[in-house]
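Let me begin by presenting the structure, written as structure tokens, before commenting on it.
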Amino acid sequence: MDIAYICIFTSNFDESVVFYRDVLGLEEDFSRSEENFHAIKAGTTYIGIERNGTRKDGEKTKAENAVLIQFKASSIDELKNLTKNLEAKGVRMLKTMVE
């Protein structure tokens, strides 16, 4: 079984689209995107980005952010490189598993 769709409600719609599309380099599906919704393709899974999420500085509670997406690395070195690349692109890490 594959996951077909994950929906993320965001308080900063434009910034979220930029993050998934430009920072992570995922493909935007323009045929499914509109003013208040963007479909981003991550392999065979679509990530839907929609407006009206909860805004908060720092880590959100599960009630405020019920979706958790984790990325997979094949080694500690790959994870370190992924972390460095994201930080170089301005992504603020709340927690890391890498020193």
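For the subset of region 22-62 comprising residues that are part of a helix (DSSP H, G or I) and modelled with pLDDT of 90 or more, which member is surrounded by the most Cβ atoms within 10 Å (Cβ to Cβ)?
Once the filter is applied, the top-ranked residue is VAL23.
Name the residues in region 63-76 that are over 14 Å from the mean Cα position of the chain (by Cα) and either modelled with pLDDT under 80 or small (Gly, Ala, Ser) (or both), would you?
ALA63, GLU64, ALA73, SER74, SER75
The values are calculated or read from the model by the stated rules, or taken from the named source; none is laboratory data. Predicted, not measured: the structure shown is a model, and the values here were computed from it. Please note: Cβ atoms are built from the backbone with ideal geometry, for glycine as well, and neighbour counts cover all protein chains shown.
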